[in-house]
Amino acid sequence: MISSILSIRLSLLVAAALALVVVASALVVGTSAGGSADAAASVSASATVATATTATAAATPTVELVSTKKKKKKSSAITFTPEKVLKVAKRYAGTRYSYGGDSPSGFDCSGFTKFIYAKFGVDLPHSAWKQAREGHRVSRAKAKPGDLVITAGGAHVGIWVSKDRFIDAGFPGQGVHVREIYTDNYYIVRVESDTQEA
């Protein structure tokens, strides 16, 4: 950009110099031919104005307009609803069980629920009984697909699918899959999110 500005200014200065040469030549010719002194003075004055204008234009800095608008970043978070939690959870059906695991290379029960909820911006602890304290209890009649299912007072956790069924990372050799809730000693926990839909 700087080189372009210098090039423009140089061109203007050259044009001004050429104008002065032409005017000087005209004055010489006019004087030799006995031309009017007033006319010569007028030409000289015009040349002075033209030169001053050109010089002013050359000295005027070029301002480049820069847009101050910032591009909006698209959020990567998925809008939260319990139903969407279940939809995402089912994508990982068949993933092997791994004690202490919290990634698609292997899950344990709370590592699985922690990983799924993290996709919705919800940071759950890697512990079934601690996850039970992250939300509020709802009755089984009001349970929604995607709610947490806490069994045996916090010994295990999965995600509610439908009546008497949930998806969980059960134990070695089984991995993530949908199955019947194996005990009647369970309750439902609903976890809220800042991105939850009404």
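The values are calculated or read from the model by the stated rules, or taken from the named source; none is laboratory data. None of these values were measured; they are calculated from a predicted model. FYI the Cβ positions are ideal-geometry reconstructions off the backbone, even for glycines, and counts take in every protein chain you see.
In the set (1) surrounded by 15 or more Cβ atoms within 10 Å (Cβ to Cβ); (2) assigned to a loop (DSSP other than H, G, I, E, B), the condition left unmet by THR183 is number (1). Among the conditions (1) under 23 Å from THR95 (Cβ atoms); (2) modelled with pLDDT of 95 or more; (3) of a type in the set (Val, Ile, Thr), the only one that VAL191 does not satisfy is (2).
Quick check: anything in the stretch 158-171 free of Cβ contacts under 8 Å to residues at least 60 places away in the same chain and farther than 20 Å from LYS90 by Cα? Walk me through it before giving the result.
Step one: filter the stretch 158-171 for residues free of Cβ contacts under 8 Å to residues at least 60 places away in the same chain, giving 158, 162-166, 168.
Adding the requirement that they be farther than 20 Å from LYS90 by Cα leaves none.
Taking every residue of the stretch 158-171 in turn, none turns out to be free of Cβ contacts under 8 Å to residues at least 60 places away in the same chain and farther than 20 Å from LYS90 by Cα.
Please work out if ALA143 is touching a residue at least 24 places away in the same chain (Cβ under 8 Å), over 17 Å from LYS84 (Cβ atoms) and of a type in the set (Gly, Ala, Ser).
No; evaluated as a whole, the condition is false for this residue.
Exactly one residue out of VAL189, VAL122 is of a type outside the set (Phe, Trp, Tyr) and either touching a Cys at 6+ places or on another chain (Cβ under 8 Å) or part of a strand (DSSP E or B) (or both): that is VAL189.
Tell me the residue from GLY153, GLY146 that is part of a loop (DSSP other than H, G, I, E, B) and touching a Ser or Thr at 6+ places or on another chain (Cβ under 8 Å), please. I'd like the intermediate steps shown before the answer.
Details: GLY153 fails: touching a Ser or Thr at 6+ places or on another chain (Cβ under 8 Å).
Among GLY153, GLY146, only GLY146 is part of a loop (DSSP other than H, G, I, E, B) and touching a Ser or Thr at 6+ places or on another chain (Cβ under 8 Å).
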